[in-house]
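Reading through the C-alpha cells given below for one structure.
A short reminder: the numbers here are calculations on the coordinates, not readings from a lab. Fair warning: this is a prediction, and the values are worked out from it, not measured in the lab. All Cβ positions, glycine included, derive from the backbone under ideal geometry; neighbour counts span all protein chains shown.
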Amino acid sequence: MMPSSPRIIVALDFPKAASALHLVDRLDPALCRLKVGKELFTSAGPELVRRLVAANFDVFLDLKFHDIPNTVARACAAAADLGVWMLNVHALGGPAMLDAARQALNTKGAPLLIAVTLLTSSGPRELEVLGIHETPIELVQRLAAMTAQAGLDGVVCSAQEAEMLSQQQGDDFILVTPGIRLSANTQDDQLRVMTPVQAIAQGSHYLVIGRPVTQANDPIAILHTIYSDISDSARVQRDL
Ligand code: C5P
C-alpha cells in the first residue's frame, strides 16, 4: 500500500555518496523521506543533497546546528537554499539562537525547523556533570516548551517521550522519533526501542528508521510491511 504522505524517514547513515545512492536508487519518494546526517554530509556534501532533492525526495538535513545566533541563521538559510524539507538545531542553543533560526526561514515554502532537546545518549549523570539539576525528562519538557515558544515546528524525541510531549504541546507540534525497531527483539545499539505502530500510537508524526531498512535485503518490502501494520492498527483502533 502507498501512504498519502510518507511518515517514514530513512536515515542514510552511509560513509560515502555511492553507498547511499545504491540504496536510494531502490527507494521511492512516495514511500519514504530521507535523512542526511553529519557523516554523509561531511563526506558527500551539498551536491548529494541537491541530487536527492532533484530526485523528488523530501530531505531532512540532520546537522543539529548549535552556534551563535547569526551563524546558525545563515546556516539555516543555506540549508533552505538546498531545497531540503526539514532541518534541525539544538534547543540548548537557547531562545535567541532558536529565534534567529526561525526568522531565517520565514519565507513561504521554507523547510520545517525542528529542535533536538536532549540527545538520547545523555543521561542523568551527564546532566549532573554539566551542572544541570533537572532530570532528563524535566529538561526535555522545558526545552520542548522553549522550542514551541520560539515558534519552531517541533522536536526530535524518543518515542517514549512522544505521548508526554504531544499532550504538552498539542497535535500540531511535530514529533520526529528515532529508535524504531520492527520487533522488540532487535535493538542494535539503541537502548530503548519501539515498533512503528507503538511510536505512532504514542503521538509520533515521523519515524526515523535506519538499519532495519538500510540493511534489509528488500528495503521496499520492509517499508510496505510497516505501512500496512500502521494502517491495520489504525483500522483496529477505529473499530474499537
Ligand atoms: O539505524 P537506526 O534506526 O538506529 O538509526 C537511527 C537514526 O536516528 C540514526 O541516524 C541516528 O543518528 C538517529 N538518532 C538516534 N537517536 C537520537 C537522535 C537521532 O538514533 N536521539
Label point distance in nm, ARG51-LYS64, each placed 7 Å from Cα along Cα→Cβ: 2.6
Quick one: if the Förster radius is 22 Å, what FRET efficiency do ALA18 and ASN217 give, using the C-beta to C-beta distance and rounding to 0.05? 0.70
Determine ³J(HN,Hα), in whole Hz, for all residues of the stretch 36-44 in sequence, where each value follows from phi through the Karplus function 6.51 cos²θ - 1.76 cosθ + 1.60 and θ = phi - 60°; x replaces Gly and Pro. 10, x, 4, 5, 5, 5, 5, 7, 9
Rounded to whole Hz, the Karplus (6.51, -1.76, 1.60) HN-Hα couplings of the stretch 113-123, x for glycine and proline: 10, 10, 10, 8, 7, 10, 4, 5, 7, 9, x
Cα-based Lys pair tally, the chain, threshold under 21 Å, eight or more apart or on separate chains: 5
Hey, could you grab the Kirkwood Rh for the stretch 15-141? Inverse mean 1/r over distinct alpha carbon pairs, Å, one decimal. 15.9
For an R0 of 30 angstrom, estimate the FRET efficiency from the Cβ-Cβ distance between LEU130 and MET164 and round to the nearest 0.05. 0.85
Of all the Cα-Cα pairs you can form in the stretch 117-164, what percent are over 13 Å apart? 56
I'd like the trypsin sites (Lys or Arg not before Pro) in the stretch 55-163 restricted to DSSP loop residues with at most 13 other Cβ atoms within 10 Å, sorted by number. LYS108
Please give me the summed charge of the neighbours of ARG74: other residues whose Cβ is under 12 Å from its Cβ, Lys and Arg +1, Asp and Glu -1. -2
Using θ = phi - 60° and Karplus 6.51 cos²θ - 1.76 cosθ + 1.60, couplings along the stretch 46-60 (whole Hz; Gly, Pro as x): x, 4, 5, 4, 4, 5, 5, 5, 5, 8, 6, 7, 7, 10, 9
Could you list PHE173, PHE60, PHE14 so that the one with the fewest beta carbons within 10 Å of its beta carbon is first and the one with the most is last? PHE173, PHE14, PHE60
So how much slack lies between ALA77 and SER4, counting 0.36 nm per residue of separation and subtracting their Cα-Cα distance, in nm? 23.4 nm
What does the extension gain come out to for GLN149 and THR107, with contour length at 0.36 nm per residue minus their alpha carbon separation? 13.2 nm
Taking only the alpha-carbon positions of the chain as identical scatterers, the Debye log10 I(q)/I(0) at q = 0.09, 0.12, 0.18 Å⁻¹ comes out as -0.37, -0.68, -1.51
